[in-house]
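Asker: First, the structure itself, so that you have it in front of you.
The values are calculated or read from the model by the stated rules, or taken from the named source; none is laboratory data. Small disclaimer: the values here were computed from a predicted structure and weren't measured. No Cβ is skipped: glycine too gets one built from the backbone with ideal geometry, and neighbour counts run over all protein chains shown. When the accessible area is computed, the model is the full protein with side chains, heavy atoms only, and any ligands, DNA or RNA have been set aside. Shrake-Rupley method; radii C 1.70, N 1.55, O 1.52, S 1.80 Å.
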Amino acid sequence: MAKKSVASLTAQDLEGKRVLVRVDFNVPLDKEQQITDDTRVRAALPTINYLRERGARVVLCSHLGRPFKKDKTTGEVKLVKEGNSLAPVAARLGELLGTPVQFVPDCIGEVATQMVQGLQNGQVALLENVRFYAEEEANDPEFAKKLASLADLYVNDAFGTAHRAHASTEGVTRYLKPAVAGFLIEKELQYLQGAIDQPRRPLAAIIGGSKVSSKIGVIEALLDKVDKLILGGGMIFTFYQAQGLSVGKSLVETDKLDLAQSLLAKARERGVELVLPTDVVVADKFAPDAQAQTVPVTAIPEEWMGLDIGPAAIAQIQQALQGCQTVIWNGPMGVFEFDQFAVGTRAVATTLADLTDQGCTTIIGGGDSVAAVEQAGLGERMSHISTGGGASLELLEGKILPGIAALENA
């Protein structure tokens, strides 16, 4: 369902108003608390700038990491603020915006209220990590009310957390109106929802990753939508064993063998072209310096494990993708963190970049696929790179995302 966009808000709606914006600034930090990848910060800039340019007083909130840690010895859950503060993000955001961003050392309470009330038109403040309060993930109504009291209206631009009903993503919408989608969420819905509901065909999905269990829902949902389903990654060995093949020491989820058989049967029933790699790169151990050889899937040595797809499989996938007008990719083809087992994943990334140049709509979802595309320097050549791993999977499965459902309909 289409949601009301921040673009529908005019200068008249926004000037002098305090706007609470849920962003996803859950960025990686090194030991010196320096941001190692600011992609998520950059992704929020269009919405922030739109609000600033129309005289809004922008109040940003986000989570970072998992501040509540369980003590391995006692089992006690403790709040660990060190290493989870958003202060470094405020500094980087200020550099990107070209204007200082006020860092607020709390997200609710007197200090937060005073600092937010002191904002002038066009100024930006970033609240401290909302997950420093357990009430955030519990979607506690009182906490949501306190957070909402800082602002006059609400914009959600954090697609990566839209599948969670938390106080800052769902709870605040009960107290702030209008509650609308930012440009990033709008773009995610346009591509991901569009690819499923009104795709340009043929529509192909490439699903990789290590385990079938984490992708069951999306595979089942896509079998009703796609023309071609291409499987890769560690999950393929469960499918091979389900067909009676010997897979050596490759990763297999033995409790999912029946499921794999049923998914293969469903693909046949629905006329979906299912592509399983015909050869694999196997290794004598799980290590970057392992000995490796390429073998047909029918001849995997007993003591070896599959860690990538082989050259024949790459050609097989490239052939299947020719002529496709929409391709969704979620999950790597092998252990791409190890250079010698990254060949299949990189080949798929390059193939999709070339298809995009030919007019195909390419959508990359899921952390590892995105990381692989960015590592290969091909991000700019894809139609859309999703910022939400779990959220994009759930949207492709057809699930309702609470953080988006709570926003006003267009």
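Asker: Taking N as the number of residues in the range 174-274, what value does Rg over Cα atoms divided by 2.2 N^0.38 Å take?
Answerer: Ratio of Rg to 2.2 N^0.38 Å for the range 174-274: 1.37.
Asker: Hey, if you put +1 on the Cβ of every Lys and Arg and -1 on every Asp and Glu Cβ in the chain, which of Ile206, Gly233, Thr278 ends up farthest toward the positive end of that dipole?
Answerer: Comparing the listed Cα positions along the dipole, Ile206 ranks first.
Asker: At q = 0.16, 0.19, 0.24 Å⁻¹, what is the base-10 log of I(q)/I(0) for the range 322-377 according to the Debye formula with one equal point scatterer per Cα and no solvent? Please give it to two decimals.
Answerer: -0.43, -0.60, -0.91
Asker: Here is a follow-up. Treating the beta-carbon of each Lys and Arg as +1 and of each Asp and Glu as -1, no other charges, what is the dipole magnitude of the chain about its Cα centre, to the nearest 20 debye? Mind dumping the intermediate values first?
Answerer: Numbers: 40 positive and 50 negative charges, 176 e Å.
About 840 debye.
Asker: Also, I was wondering about something else. Rounded to the nearest 500 deg cm²/dmol, what is the calculated helix-only ellipticity per residue at 222 nm for the chain, with -39500 (n - 2.57) per DSSP H run of length n ≥ 4?
Answerer: Dividing the helical sum by the residues of the chain leaves -8500 deg cm²/dmol.
Asker: For the range 155-196, with all protein chains present and a 1.4 Å probe, just round the carbon and sulfur fraction of the accessible area to a whole percent.
Answerer: Using a 1.4 Å probe with all protein chains present, the range 155-196 comes out at 47 percent carbon and sulfur.
Asker: Skip the ligands, DNA and RNA, and give the accessible area per residue of the chain with a 1.4 Å probe, whole Å².
Answerer: 42 Å²
Asker: Quick one: grab Rg to one decimal and Dmax as a whole number for the range 282-377, Cα atoms only, in Å.
Answerer: 14.2, 44
Asker: If you don't mind, another one. Report, to the nearest whole %, how much of the accessible area of the range 277-410 belongs to carbon and sulfur atoms, 1.4 Å probe, protein only.
Answerer: It is 51 percent, rounded to a whole number.
Asker: Considering just Cα atoms, how many Å³ per residue does the convex hull of the range 1-44 enclose?
Answerer: Normalising the Cα hull of the range 1-44 by residue number yields 122 Å³.
Asker: Of Gly75, Ser149, Gln117, whose Cα points farthest to the positive end of the dipole of the range 69-165 (charges on the beta-carbon: +1 Lys, Arg; -1 Asp, Glu; origin at the Cα centre)?
Answerer: Value: Gly75.
Asker: Apply the Karplus parameterisation 6.51 cos²θ - 1.76 cosθ + 1.60, with θ equal to phi minus 60°, to every residue of the range 264-276 and state each ³J(HN,Hα) to the nearest whole Hz, in sequence, with x for glycine and proline.
Answerer: Once θ is set to phi - 60°, the couplings for the range 264-276 become 5, 5, 4, 4, 5, 4, 8, x, 7, 6, 9, 10, 10 Hz.
Asker: Taking 1 over the mean of 1/r across every pair of different Cα atoms in the range 208-353, what Kirkwood radius in Å do you get?
Answerer: 15.2 Å
Asker: With +1 on each Lys and Arg Cβ and -1 on each Asp and Glu Cβ, and nothing else charged, work out how big the dipole of the range 153-265 is about its Cα centre, in Debye to the nearest 20.
Answerer: 160 debye
Asker: Roughly speaking, to the nearest percent, how much of the range 2-117's 1.4 Å accessible area is carbon and sulfur? Present the calculation step by step, with values, prior to reporting the outcome.
Answerer: Values: 2810 of 5990 Å².
Roughly 47 percent of what the probe reaches on the range 2-117 is carbon or sulfur.
Asker: Further question: Which whole-number percentage describes the relative contact order of the chain, with Cα contacts under 8 Å and a sequence gap of 6 or more?
Answerer: It rounds to 16 percent for the chain.
Asker: Please state the Cα pair-distance histogram of the range 33-146 with 5 angstrom bins from zero: what percent is in each bin?
Answerer: Values per bin, smallest distances first: 2, 11, 19, 21, 19, 15, 7, 3, 2, 1, 0.
Asker: Based on Cα coordinates alone, diagonalise the gyration tensor for the range 363-404, multiply each eigenvalue by 5, take square roots, and list the semi-axes in whole Å, largest first. Intermediate values should be presented prior to the final figure.
Answerer: On the way: eigenvalues 100, 17, 11 Å².
Equivalent ellipsoid of the range 363-404: 22, 9, 7 Å, largest first.
Asker: Quick one: what do you get for the range 14-83 if you divide its Cα Rg by 2.2 N^0.38 Å?
Answerer: After normalising by residue count via 2.2 N^0.38 Å, the value is 1.49.
Asker: Please report the base-10 log of the normalised intensity I(q)/I(0) for the chain, using a Debye sum with one equal scatterer per alpha carbon and no solvent, at each q in 0.07, 0.12 (1/Å).
Answerer: Scattering profile of the chain, log10 relative to I(0): -0.37, -0.99.
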